[in-house]
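Trainee: One structure, pasted below without further comment.
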């Protein structure tokens, strides 16, 4: 039986740094999905937005503070399809034009890009596709309408006869309402075509808007207020509605599958939530110098070369010269408070001793949402503090190229989320693929892929999920991280190179064996897409909680999810 044709809708997709259609992890994941679908020649297309200014450009201003800069992007390598549609959004007729990324450009499946920044639209309408994740609520809603409604109509005009629409997060939910309109209100017909991926238990990642505001914006495509409220509530939850309008959904790690089923167990009429663990595209992320069965000496030599290349970049950007022979720890990801960039620096005397004795070097990098005051402040505090600290740098401009340099040139990839808020995380997977060992809180994909003393280090201890104050949790996690660095990582790195190389090899093997997006996309086809197309839901997916490891949610961080 032929594989179903799938349309993958995502607000951001990172295919290449030359195409600024992403902000971070969600985009990196979506890009890996598209690249693997192309590599495997599967019948899939992507649908996303063509952002005139991208997310934003991050740089340091003349006062030494981080600056959010919006620079218009121009591209001459996209195919103008000559296709457009018009959508009523907040009482205005908005034209949506389509471009296409051809498969041969980056090796991905075809990807359709939507823009409203075209002649004939008002200034407001043009601004809809200016900035990814615009902080203005009406612009944000309009972006979702363009992605979902515009995406469905553009694909139909382009002649791509999709059998499955994959909504990567709730941003594309208007696609389901467009299908509902075309199906004349038949929700069961919509469910047969729709699947949904939920990516985060963090409240801010599960978007909510007042239902009347969404109706004014054209979000529901003619569906009645009563229908909308029944699906998502008056304070309309995109996640809840997506779970009710899809035939099946998935979480992005096995632990996240447990969390999601518990988190949304109160939602009547929701679809089953399976767990498919995220992965990264190794064809893109893995350096050729570590591929194949390398000897220990070859791995160590390759890592030293990659560190030297990274440190040239560090010297040019930050004015500090790092030593390739010194253990290098990198924290690089989105600057959100729950990810705790500052955790390793909590005990100043303890960390300064390691830095001043040339035992470690630390690199920080990452972006915050432009409207996230706390994230910006966190970045600036770390940046200013780094100037007076030996062996510490904070790098601006965390894009695809810098991310790859860091994953190639680091020894330890540090991951410090407040458990259980890390749904999956993928950066450590591509770091592993380059022989960089993971040091992580026991959360997200770490539960499945970081094996203590075998291919990396995870922070586990009795009472991991006890109900204790957050400040106490921070100090406890910090203590275990520092103990691991001082008592396990540093002695192995400097005094037992053969053991360090063995762990590097196992990190690479783990990434290649399972955390490769080729595996992930095949799993989506077998467990999500084909089960939709052929009506097969035979995996005990009753939505009930399954036992997995020693995770019983109890502490205050989960109260918003009504978890007892």
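The values are calculated or read from the model by the stated rules, or taken from the named source; none is laboratory data. Computed from a prediction, not measured in an experiment: that's the story for all the values here. Note that we place each Cβ from the backbone using ideal geometry, even for glycine, and neighbour counts take in every protein chain shown.
Trainee: Can residue 458 be described as crowded, with 24+ Cβ neighbours inside 10 Å and not assigned by TED's automatic domain parsing to the domain that holds residue 16?
Mentor: Values: crowded, with 24+ Cβ neighbours inside 10 Å: no; not assigned by TED's automatic domain parsing to the domain that holds residue 16: yes.
The answer is no for residue 458.
Trainee: Now for a different question. Taking region 412-444, which residues are modelled with pLDDT of 95 or more and out of contact with any helix residue (DSSP H, G or I) (no Cβ under 8 Å at 6 or more places or on another chain)?
Mentor: Residue satisfying the conditions is 442 alone.
Trainee: Same structure, new question: Looking at the structure I just gave you, is residue 66 touching a helix residue (DSSP H, G or I) at 6+ places or on another chain (Cβ under 6 Å), surrounded by 17 or more Cβ atoms within 10 Å (Cβ to Cβ) and under 30 Å from residue 379 (Cβ atoms)? Working first, answer last.
Mentor: On the way: touching a helix residue (DSSP H, G or I) at 6+ places or on another chain (Cβ under 6 Å): yes; surrounded by 17 or more Cβ atoms within 10 Å (Cβ to Cβ): yes; under 30 Å from residue 379 (Cβ atoms): yes.
Yes.
Trainee: Of the numbered conditions (1) loosely packed, with under 14 Cβ neighbours inside 10 Å; (2) more than 25 Å from the chain's Cα centre (by Cα); (3) touching a residue at least 40 places away in the same chain (Cβ under 8 Å), residue 75 satisfies every one except a single condition; which is it?
Mentor: (2)
Trainee: Take region 439-475 and flag every residue that is in a helix (DSSP H, G or I) and under 18 Å from the mean Cα position of the chain (by Cα). Spell out how you get there, then give the answer.
Mentor: Of region 439-475, the ones in a helix (DSSP H, G or I) are 446-449, 470-475.
Those that are in a helix (DSSP H, G or I) and under 18 Å from the mean Cα position of the chain (by Cα): 446, 447, 448, 449.
Trainee: Sort out which residues of region 161-198 are within 27 Å of the chain's Cα centre (by Cα) and without any contact (Cβ under 8 Å) to a residue 40 or more places away in the chain, and write them in order of number. Working first, answer last.
Mentor: Taking region 161-198 as the starting set, the residues that turn out to be within 27 Å of the chain's Cα centre (by Cα) are 162-179, 190-198.
Matches in region 161-198: 179 only.
Trainee: I need a count of the residues in region 485-530 that are over 14 Å from residue 286 (Cβ atoms), without any contact (Cβ under 8 Å) to a residue 40 or more places away in the chain and surrounded by fewer than 17 Cβ atoms within 10 Å (Cβ to Cβ).
Mentor: 7
Trainee: For region 284-302, name all the residues that are modelled with pLDDT under 95 and touching a helix residue (DSSP H, G or I) at 6+ places or on another chain (Cβ under 6 Å).
Mentor: Correct list: empty.
Trainee: Kindly indicate whether any position in region 328-336 is crowded, with 17+ Cβ neighbours inside 10 Å, in the same structural domain as residue 427 (by TED's automatic domain parsing), within 19 Å of residue 483 (Cβ to Cβ) and touching a residue at least 12 places away in the same chain (Cβ under 8 Å).
Mentor: Taking region 328-336 first, the residues crowded, with 17+ Cβ neighbours inside 10 Å are 328-336.
Retained after the next criterion (residues that are in the same structural domain as residue 427 (by TED's automatic domain parsing)): 328-336.
Next cut, within 19 Å of residue 483 (Cβ to Cβ) only: 329, 331.
With touching a residue at least 12 places away in the same chain (Cβ under 8 Å) added as a condition, the list becomes 329, 331.
Yes: region 328-336 contains one or more residues that are crowded, with 17+ Cβ neighbours inside 10 Å, in the same structural domain as residue 427 (by TED's automatic domain parsing), within 19 Å of residue 483 (Cβ to Cβ) and touching a residue at least 12 places away in the same chain (Cβ under 8 Å).
Trainee: Could we say that residue 27 is out of contact with any strand residue (DSSP E or B) (no Cβ under 8 Å at 6 or more places or on another chain) and in a loop (DSSP other than H, G, I, E, B) here? I'd like the intermediate steps shown before the answer.
Mentor: Working: out of contact with any strand residue (DSSP E or B) (no Cβ under 8 Å at 6 or more places or on another chain): yes; in a loop (DSSP other than H, G, I, E, B): no.
So residue 27 fails the test.
Trainee: Among the residues of region 174-181, is any in contact with a strand residue (DSSP E or B) (Cβ under 6 Å, 6 or more places away or on another chain) and in the same structural domain as residue 57 (by TED's automatic domain parsing)?
Mentor: yes
Trainee: Assess whether residue 42 counts as being surrounded by fewer than 24 Cβ atoms within 10 Å (Cβ to Cβ), modelled with pLDDT under 95 and either on the phi > 0 side of the Ramachandran plot or not in a strand (DSSP E or B) (or both).
Mentor: Working: surrounded by fewer than 24 Cβ atoms within 10 Å (Cβ to Cβ): yes; modelled with pLDDT under 95: no; either on the phi > 0 side of the Ramachandran plot or not in a strand (DSSP E or B) (or both): yes.
In short, no.
Trainee: Read through the list (1) in contact (Cβ under 8 Å) with a residue 40 or more places away in the chain; (2) over 23 Å from residue 351 (Cβ atoms), then give the number of the only condition that residue 478 fails.
Mentor: (2)
Trainee: If you check residue 501 against the conditions, is it closer than 18 Å to residue 328 by Cα, over 27 Å from the mean Cα position of the chain (by Cα) and assigned by TED's automatic domain parsing to the domain that holds residue 349? Steps first, please.
Mentor: Working: closer than 18 Å to residue 328 by Cα: yes; over 27 Å from the mean Cα position of the chain (by Cα): yes; assigned by TED's automatic domain parsing to the domain that holds residue 349: yes.
It is true that residue 501 is closer than 18 Å to residue 328 by Cα, over 27 Å from the mean Cα position of the chain (by Cα) and assigned by TED's automatic domain parsing to the domain that holds residue 349.
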